[in-house]
Amino acid sequence: AYVMGNVPTGPYDPNRLAGVGLGHWAIDWGLGYTYLTPSGFQLSVTAGLTYNFVNPQTGYQSGLDGHVDLGMSYSFSETLYAGAVAYIYNQLNPDTGGSARLGDFRSSVAGAGPQIGWSFIGRDLAFDVNIRGYKEFAARNRPEGWNAYLTLSVGAAPRKKAD
């Protein structure tokens, strides 16, 4: 189970082409499950919902969205793995507020692509570096193309067994 949030960053300026953040608070929650075989094959699925709060600068609120994320990989060693990733995103209810007068702007998209990762232990911390890319397709009211992500995960290193 997980819960995470989005914090608004950067000021809103209608004269700028792009901003550095979403401009509003959001909360995302969901459940995940991972199946791992002794041979090194791993399959993970995570399903979640994201609630977007009203953007105080614009009065606009994006609708609730649901997403399912899939990951599959094979570990070639204790530190190196590679595989495939995919996701489905679907906005469940319409946008509301100021510029939503043009329609409900519900969106959806799917994506799939490769991933590769490297895990290692440094001092008392465990690190995982993952690079993955998605070719998006079946987009509605969203751009589609390629997306790439570089993720660094840090956690406590496993304890060594006493002799």
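Enumerate by residue number the chymotrypsin sites (Phe, Trp or Tyr not before Pro) in region 28-116 meeting two conditions: DSSP loop (anything except H, G, I, E, B), and at most 13 other Cβ atoms within 10 Å of the site's Cβ.
Here the chymotrypsin sites (Phe, Trp or Tyr not before Pro) that fit, given the DSSP loop and packing criteria, are Phe76.
Leaving out ligands and nucleic acids, note down the accessible area per residue over the chain with a 1.4 angstrom probe, in whole Å².
That works out to 69 Å² per residue.
Rounded to the nearest 10 Å², what accessible area does Ser108 have for a 1.4 Å probe in the complete protein model?
Using a 1.4 Å probe on the heavy atoms, I get roughly 20 Å².
Which of the three applies to region 66-152, rounded, prolate or oblate, going by the alpha-carbon gyration tensor with a ≥ b ≥ c and a/c under 1.5 meaning rounded?
It is prolate, given that a/c is not under 1.5 and a/b is the larger ratio.
Carbon and sulfur: what percent of the chain's accessible surface (1.4 Å probe)?
63 percent
Which sequence of Lys160, Lys135 reflects their accessible areas, 1.4 Å probe, from the largest down?
Reading off the accessible areas and sorting them downward yields Lys160, Lys135.
The values are calculated or read from the model by the stated rules, or taken from the named source; none is laboratory data. The shown structure was predicted, so the numbers you read here are calculated from the model rather than taken from an experiment. All Cβ positions, glycine included, derive from the backbone under ideal geometry; neighbour counts span all protein chains shown. For accessibility, only protein heavy atoms count, side chains too; no ligands or nucleic acids. Shrake-Rupley method; radii C 1.70, N 1.55, O 1.52, S 1.80 Å.
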